[in-house]
Amino acid sequence: MYGTYLRRELAGRKKQTVIVAVGLAIAIALVIIVNALSAGVRDAQSQALSSVYGVGTDLTVTGAQTEPGQGGGTRFDFGANDGATQDGTTSLSQSRLMTDMRRGTLDASTVSTVTGLDGVAAATGALSLTNTTFSGQVPDRSAQAPADGATGTRPEGERGGDGGSAFGVDSFTVLGVDPAASVGPLSSVTVSEGRPLTSADAGADVAVVDATYAASAALTVGGTVDVGGTAMQIVGIVASTSSDADTAANVYLPLDVAQTLAGVGDVVSTVYVQADSADAIGSVQSEITAALPDATVSSQSELASTVSGSLSSASTLISNLGTWLSLVVLLVALSLAVLFTISGVARRTREFGTLKAIGWSNGRIVRQVAGESLTQGLIGGVAGLALGLGGILLINVISPTISVGSQASGRGQGGPGGGGSGMGGPGGFGQAAAQATDIVLHAPVTPVIIVAAVGIAVLGGVLAGAFGGWRAARLSPAAALRSVA
Amino acid sequence: MTLTATATAYRLHDVTRTYRQRERTVQALAGIDLEIDAGDFVTIQGPTGGGKSTLLQMLGALDRPSGGSVMLGEVDIAQASNAELSRLRAAEIGFVFQGFNLIPTLTAAENVDMGLEPLGLDRPERQRRIADALARVGLSDRHDHRPGELSGGQQQRVAIARAIAKQPRVLLADEPTGNLDESMRDEILDVLETLNGEGLTLVVVTHDSAVARRARRRLRLAGGRITDITRD
């Protein structure tokens, strides 16, 4: 009889049932979608970070930030006889391989220092470089003025200089890595063509190239890429394990080769550290900070805060507007459910008075009211779940892309360096460019979302039922019958 | 139908009932002494506000007196707990209301079943009692009709079936023919007389003299006191 009465009551007041169910459904759908989007943004953040730092990196150690102006700029010096002259025009081209001038390097021994600390499972060093190629044409000045040795070229557009000159600056990022390392940027890549770097490649002029960069620069396995004026043989093409992100750099070289080409000695720019366990991260960070007081030690959560671009905006939007919106709608829906149930009890005063008069106990009436509310909530829950999953499906079908710019480790867009006469340095812009990428936002469905939806539905039903039942239980049968007599 | 019959169904002694209404104390019942025999057919008449409905609520264990005692069999309603009052209403007392008070979304049989719900009977026993009660009020063929599909007289017969299906000691009716035309009124009175003839104690509050004429005892209540008792 319980089920029959409950079913008939809900069916008998369709309008109220539909309003409450729709209100709850919208609230639950919003919660599901906001929740899924938050998870999607978190995934995108971790995707962006893993493409830069590799899988399993818990901490990074970088050199101290340099004072503005300390770094110096890239300097291109051409001798009087440099370049090839033809028809009164001299063609010049020069490549420079430089470290990030905004941040100091670390001695390579830092890696072994970190590896020796308690709680460190693995550590590896990488040297982050920017290869800048300056190329262009200038009028043959030997015919205009006596050669005076090395003369810095003037920037394009500078008045009073070499009219008719045309210059171009091209840059790409280079990462010197230890091929044997289990952590670091190469741990999050897959080899799409050729082979990865191996321990046997130490000292060899070989490189692997990021798939996106290889496509844009028309580079293939077996070909060469000019790094710091040396032709490196391309042995492999690598892509991010995430189909939506690029890898950490455009070109990867064995660490020792990168150090030699850059002429920086036995240094690294970043040490990637993996802790024994998630619990150990804090203590490892403290240990490293104590052992290397001049270095900057960053955890994943600190790295996450450096992820910028529209991903950051999306994260802010979802965590602020989305959460508040779903909370407000949820509150309205729950209030609606409670108010409708209470007004339903008031409207059914005679019915409950009659039931009490024919012997129904308060408990039996409360169970009836609560059961109706709970069922109403569950209907809303199922509808909300369907609506929410539909919304998530729609988001995944549309697959919105979010731009991500990682300024991790301070490697952002660099300003012009303090160049000498002639061309100012490009600073660190090449690295920042490599870390700017578009990530497709997916809204994943997790069991937590399903449980949350059912939980909210049950909560709505129980709350409404509790209030309604309480009101029904308080009705005196005599007063209930008298009020409608 | 098995009725639990004792010599006296109700014994009321010096029953008073006062309540507060808009800062005033209203004396609804002012010292009622009354005995109703088992199997009797009693009507209560009187002016509006005379205390008829209050008395019926005392008899129906819907309310407790402010003073005195209301004995239903061996149970004093004035002293009984809420749970005991619920049990009395569920098992010993049948109620019929002027407005029928059926649940509009349920069929006739389901409405009758609602009266059996608190008894915790098994399904076959409930089905048997529902069929029996509907047969006794002449509505076997309308068991699957909802109240909106029945006439006023038929609805009141469903309400009577709901009240008698539990096999109560007494049947209390508050203006059971108040919403019915003459032919339907007679139809209901015939049913009630038949039930009384089978031994069921009937207490009916009514304004209708035609109903009162069918009773064996007629009480007149005014100002919270019984002013007249007429016996056939």
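The values are calculated or read from the model by the stated rules, or taken from the named source; none is laboratory data. Since we're looking at a predicted model, the values are computed, not measured. Please note: Cβ atoms are built from the backbone with ideal geometry, for glycine as well, and neighbour counts cover all protein chains shown.
When the residues of segment B:68-90 are filtered to those that are part of a helix (DSSP H, G or I) and within 16 Å of residue B:57 (Cα to Cα), the one that is nearest to the other protein chains (Cβ to nearest Cβ) is B:90. Does residue B:82 satisfy being of a type outside the set (D, E, K, R) and within 14 Å of the chain's Cα centre (by Cα)? For residue B:82, the condition - of a type outside the set (D, E, K, R) and within 14 Å of the chain's Cα centre (by Cα) - is not met. Of all residue pairs spaced 6 or more apart or on separate chains, those with beta-carbon atoms under 7 Å, a first member in segment B:211-232 that is at pLDDT 85 or above and a second member that is in a loop (DSSP other than H, G, I, E, B) and surrounded by fewer than 15 Cβ atoms within 10 Å (Cβ to Cβ) are B:216/B:232; B:222/B:47. The criterion of being surrounded by 20 or more Cβ atoms within 10 Å (Cβ to Cβ) and outside any strand (DSSP E or B) holds for residue A:259.
So that you can scan it fast, the table gives a plain yes or no per residue for (1) small (Gly, Ala, Ser); (2) free of Cβ contacts under 8 Å to residues at least 60 places away in the same chain:
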| position | (1), (2) |
| --- | --- |
| B:140 | yes, yes |
| B:150 | no, yes |
| B:159 | yes, no |
| B:162 | no, no |
| B:188 | no, yes |
| B:198 | no, no |
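Of the strands (runs of 3 or more DSSP E) lying entirely inside segment B:121-232, the ones with 1 or more residues being over 21 Å from residue B:92 (Cβ atoms) and of a type in the set (Val, Ile, Thr) are found at B:225-231. For residue A:124, the test of being β-branched (Val, Ile, Thr) and modelled with pLDDT of 85 or more is passed. So, residue A:364, is that one of a type in the set (D, E, K, R), in contact (Cβ under 8 Å) with a residue 12 or more places away in the chain and part of a helix (DSSP H, G or I) or not? It is false that residue A:364 is of a type in the set (D, E, K, R), in contact (Cβ under 8 Å) with a residue 12 or more places away in the chain and part of a helix (DSSP H, G or I). Against the test of being surrounded by 24 or more Cβ atoms within 10 Å (Cβ to Cβ) and either within 30 Å of residue A:110 (Cβ to Cβ) or among the polar types (S, T, N, Q) (or both), the options A:190, A:247 yield a single qualifying residue, A:247. Here no strands (runs of 3 or more DSSP E) wholly within segment B:6-66 include at least 2 residues being surrounded by 16 or more Cβ atoms within 10 Å (Cβ to Cβ), of a type in the set (Ser, Thr, Tyr) and at pLDDT below 90.
Residues in segment B:19-62 that are within 14 Å of chain A (Cβ to nearest Cβ) and polar (S, T, N, Q): B:21, B:48, B:53, B:54, B:57.
Report, ordered by the first and then the second residue, all pairs with beta carbons closer than 8 Å, sequence separation of six or more or different chains, a first member in segment B:91-105 that is closer than 14 Å to residue B:172 by Cβ, and a second member that is polar (S, T, N, Q). Listed by first residue and then by second, the contacts come to B:92/B:4; B:95/A:354; B:96/B:156; B:97/A:354; B:98/B:179; B:101/A:354. Of the residues A:369, A:382, only one is within 30 Å of residue A:480 (Cβ to Cβ), part of a helix (DSSP H, G or I) and either in contact (Cβ under 8 Å) with a residue 12 or more places away in the chain or within 14 Å of another protein chain (Cβ to nearest Cβ) (or both); which? Selected residue: A:369, the only one of A:369, A:382 that is within 30 Å of residue A:480 (Cβ to Cβ), part of a helix (DSSP H, G or I) and either in contact (Cβ under 8 Å) with a residue 12 or more places away in the chain or within 14 Å of another protein chain (Cβ to nearest Cβ) (or both).
Note on segment A:338-366: among residues that are under 30 Å from residue B:170 (Cβ atoms) and away from chain B (no Cβ under 12 Å), the one that is modelled with the highest pLDDT is A:366. Restricting attention to segment B:140-175, the residues that are touching a Phe, Trp or Tyr at 6+ places or on another chain (Cβ under 9 Å) and either surrounded by fewer than 21 Cβ atoms within 10 Å (Cβ to Cβ) or closer than 20 Å to residue B:106 by Cβ (or both) add up to 8.
Filtered by the rule that a residue be more than 10 Å from every other protein chain (Cβ to nearest Cβ) and within 15 Å of residue A:354 (Cα to Cα), segment B:112-128 gives a lone residue, B:112. Scanning segment B:81-125 for residues that are surrounded by fewer than 19 Cβ atoms within 10 Å (Cβ to Cβ) and of a type in the set (Gly, Ala, Ser) yields B:81, B:83, B:91, B:99, B:120.
Of the residues screened, residue A:397 is one that is away from every other protein chain (no Cβ under 14 Å), at pLDDT 85 or above and surrounded by fewer than 20 Cβ atoms within 10 Å (Cβ to Cβ). Among residues that are within 12 Å of chain A (Cβ to nearest Cβ) and touching a Lys or Arg at 6+ places or on another chain (Cβ under 8 Å), residue B:100 is not included.
Out of curiosity, is residue A:288 over 21 Å from residue A:64 (Cβ atoms) and not acidic (Asp, Glu)? No, not satisfied. When A:460, A:422, A:468, A:455 are checked against the criterion of being at pLDDT below 65 and not acidic (Asp, Glu), a single residue qualifies: A:422. Only a single item in (1) surrounded by 19 or more Cβ atoms within 10 Å (Cβ to Cβ); (2) at pLDDT 80 or above; (3) touching a helix residue (DSSP H, G or I) at 6+ places or on another chain (Cβ under 9 Å) is not met by residue A:111, and it is number (3).
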